[in-house]
Amino acid sequence: MDKILSENWANIFSLKEQRMVYQGTRYAEAESILQEPGLATFKINTVTTPGIVLNRMDLTCEQKLHMVDDQVAESLQAVFLLKGELESRFSTLSKPVNILQKSHSLQYNTCFQGEHIIQAGRFDVYNLIFDLEFFKNIVQDTASGPMDALANKVEKKESFLVTPALLEVQPRMVEIIQTLQHNPFQGLTRYIYIEAKLLELFALQMEHIALTGQSAKQDQILLPDREKLKAVRDFIEENYLLPLRLSDLSRQFGLNDFKLKKGYKQLFCTTVFGHIQQLRMQRAKQLLSEKQMNVSEVALFIGYNNIGSFSAEFKKQFGYSPSKI
């Protein structure tokens, strides 16, 4: 496939649908669908808030795409790649940027003009584009070393990339993104909720960047162990309703108990069983929202024999009891 210039998109895709979902004085939301048989289907959702623009791109690519972005303005963006792989080349950076599935990154560029290669298959990415003054105002009063360093680079107009190689998308980040996908509110309340969740996602990213910087100075996880831990995470996300045991996971993935417990916490900022519990509670919330099961049935489905224990844990995680859904 030849390079696709962003200014020529309208001429390449035979099906183009656009609609404004919401337009207010503080918030706006728009949706677009671009489709060309044999090439790709783009589903793009953009939500604008006063300080952050959320841009979700959900692509199904039938062949590798080579896209050229001719945006010349400076930009600060956070990328959360859930599915697929991306390779980007920018004139302001000496090396290509490779973002892998289930990783996140933060990047500032004085000129965001560049080329992007997306492999065939599913590609799902959440992109947070920050207003530069908004970003500076947030970080100027913090005592965080990493945030201060990033703010200074923006102030001096020095391009930077917080490497995605060390930044695995955390379970809590996934949970926030899922709430953005299944926002329970309508009207203005919907966008107040989105704005709050975007700030929470940004806070988690800043915390992860700080923790990653600290761990880099201490214990570094070897690449083979990192890949094993990622395989454990993927297995848990597919089988979290099963009665999983730490010893079984250690044996299955070739890690001793100590490496599994310590490495999982260091890489994903949660424990093995904390992650399992989080996934089960998210599933419980989903089932209750669908109204297909009552509270007792949902509790049993996710592994609780005591409805009181389930209700207490549910309220601890979400701030309200399951009967309120």
First in segment 101-123 and farther than 11 Å from Gly84 by Cβ, second anywhere and among the aromatic types (Phe, Trp, Tyr) and assigned to a strand (DSSP E or B), Cβ under 8 Å, 6 or more apart = His104/Phe80; Gln107/Phe160; Tyr108/Phe160; Asn109/Phe90; Cys111/Phe90; Phe112/Phe90; Gln113/Phe90; Gly114/Phe90
Lone qualifier among Thr60, Thr92, Thr41 - being of a type in the set (S, T, N, Q) and under 30 Å from Glu155 (Cβ atoms) | Thr92
Selected residue (criterion: modelled with the lowest pLDDT) from residues of segment 80-114 that are small (Gly, Ala, Ser) and surrounded by 15 or more Cβ atoms within 10 Å (Cβ to Cβ) = Gly114
Looking at this structure, is Gln77 polar (S, T, N, Q), out of contact with any Cys (no Cβ under 8 Å at 6 or more places or on another chain) and loosely packed, with under 15 Cβ neighbours inside 10 Å?
-> no
Show the residue pairs that are 6+ apart or on different chains and have beta-carbon atoms under 8 Å apart, the first residue being within segment 305-322 and basic (Lys, Arg), the second being assigned to a loop (DSSP other than H, G, I, E, B).
-> Lys315/Ser321
Which of the following residues is under 30 Å from Thr212 (Cα atoms), in contact with a helix residue (DSSP H, G or I) (Cβ under 6 Å, 6 or more places away or on another chain), of a type in the set (A, V, I, L, M) and assigned to a helix (DSSP H, G or I): Leu279, Leu255, Leu267, Leu288?
-> Leu267
Listed by first then second residue, the pairs whose first member lies in segment 29-40 and is within 30 Å of Tyr191 (Cα to Cα), whose partner is crowded, with 16+ Cβ neighbours inside 10 Å and not hydrophobic (A, V, I, L, M, F, W, C), with beta carbons under 6 Å and at least 6 positions apart or on separate chains, are Ala30/Thr46; Glu31/Asn45; Ile33/Lys43; Gln35/Thr41
Can you spot a residue in segment 127-145 that is under 20 Å from Ala40 (Cα atoms) and surrounded by 15 or more Cβ atoms within 10 Å (Cβ to Cβ)?
-> yes
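Out of all the residues in segment 241-259, is one or more over 17 Å from Lys228 (Cα atoms), surrounded by 12 or more Cβ atoms within 10 Å (Cβ to Cβ) and modelled with pLDDT of 90 or more?
Quick first cut of segment 241-259, residues over 17 Å from Lys228 (Cα atoms) only: 241-243.
Those left that are additionally surrounded by 12 or more Cβ atoms within 10 Å (Cβ to Cβ): 241-242.
Keeping just the survivors that are modelled with pLDDT of 90 or more gives 241-242.
Yes, there is a match, as at least one residue in segment 241-259 is over 17 Å from Lys228 (Cα atoms), surrounded by 12 or more Cβ atoms within 10 Å (Cβ to Cβ) and modelled with pLDDT of 90 or more.
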Would you be able to say whether some residue in segment 85-102 is aromatic (Phe, Trp, Tyr), part of a strand (DSSP E or B) and under 18 Å from the mean Cα position of the chain (by Cα)?
-> no
Taking segment 260-311 as the region of interest, how many residues are at negative phi, surrounded by 14 or more Cβ atoms within 10 Å (Cβ to Cβ) and small (Gly, Ala, Ser)?
-> 5
For Pro171, state whether it is modelled with pLDDT of 80 or more, of a type outside the set (S, T, N, Q) and either surrounded by 17 or more Cβ atoms within 10 Å (Cβ to Cβ) or touching a Leu at 6+ places or on another chain (Cβ under 8 Å) (or both).
-> yes
Picking from Gln178, Gln186, Gln205, which residue would you name as being at pLDDT 80 or above, within 29 Å of Arg283 (Cβ to Cβ) and crowded, with 18+ Cβ neighbours inside 10 Å?
-> Gln205
Which one of the conditions (1) more than 15 Å from the chain's Cα centre (by Cα); (2) over 29 Å from Arg233 (Cα atoms); (3) not basic (Lys, Arg) does Ala120 fail to meet, given that it meets all the rest?
-> (2)
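Please tell me if Asp70 is among the charged types (D, E, K, R), loosely packed, with under 14 Cβ neighbours inside 10 Å, closer than 30 Å to Gly24 by Cα and touching a residue at least 60 places away in the same chain (Cβ under 8 Å).
yes
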In this structure, does Ile117 turn out to be modelled with pLDDT of 80 or more, among the hydrophobic types (A, V, I, L, M, F, W, C) and assigned to a strand (DSSP E or B)?
-> yes
Mind checking which pairs have a first residue in segment 14-26 that is in contact (Cβ under 8 Å) with a residue 24 or more places away in the chain and a second that is of a type in the set (Phe, Trp, Tyr), Cβ under 9 Å, 6 or more apart or different chains?
-> Tyr22/Tyr191; Gly24/Tyr191; Arg26/Tyr191
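The values are calculated or read from the model by the stated rules, or taken from the named source; none is laboratory data. Keep in mind that this is a model prediction, so the values were computed, not measured. Note that we place each Cβ from the backbone using ideal geometry, even for glycine, and neighbour counts take in every protein chain shown.
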